[in-house]
Structure formats: structure tokens, C-alpha cells
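S.K.: Below is a structure I'd like to ask you about.
The values are calculated or read from the model by the stated rules, or taken from the named source; none is laboratory data. Since this is a predicted model, take the numbers as computed values, not measurements. Quick reminder, even Gly has a Cβ in these numbers, built from the backbone with ideal geometry, and neighbours come from all protein chains shown.
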Amino acid sequence: MAVIAPEACAGCGHVLADLEGKVVARVQMFDTPPVKLQVTEYRMLQIACPACRRTTRAATRGWPGPAVTARTSARRPHFWPAPGI
């Protein structure tokens, strides 16, 4: 919690520092902590079959990862219309 006081009178400019006041409004600001991305490099191998000599490459892993997908899918509040509506 932070208390914010005016520095000077809005009418005459008199300094208001160190004077007591009363709370007349409350505002709450919401924020999220900074995101630290974790990067994982996947190297897909290609291997030649010893029986038929056909080469087969490993399937590419999906992008983005599950945590990025979960965070970005929650960015549009449920009450906003979907695009195209």
C-alpha cells in the first residue's frame, strides 16, 4: 500500500508537505511479475533405415510450449466477442 499526498495546494500553491490529510479515494493497480522465458532447443535427427535406406526425420515439437499457450489464451476475457463476430 502506498499513500499519495498532494505536494501543493491546487488553489494557491501553498506547500502541503508534512500536513495531515484524510483518505478520500482508493485505487488498486494490478500487475504481473516479469516473465522469464525458458528456451529449449530441440534438434531433430534424420536417420537412414539400414533395411531400405529411406531417411526419416524426427517430428518437430510443437511451438509454443504449454505454459506460453496457457498464458496467451487467457489474454482475451471471456466477455469479449471472438474475432469475426
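S.K.: I want to confirm something. Restricting to region 1-55 and keeping residues that are over 38 Å from the mean Cα position of the chain (by Cα) and either at positive phi or not in a loop (DSSP other than H, G, I, E, B) (or both), which single residue is modelled with the lowest pLDDT?
M.R.: Among them, the one singled out is Asp18.
S.K.: Now a separate question. Which one is surrounded by the most Cβ atoms within 10 Å (Cβ to Cβ) among residues in region 46-67 that are within 30 Å of Lys36 (Cβ to Cβ) and not small (Gly, Ala, Ser)?
M.R.: Pro64
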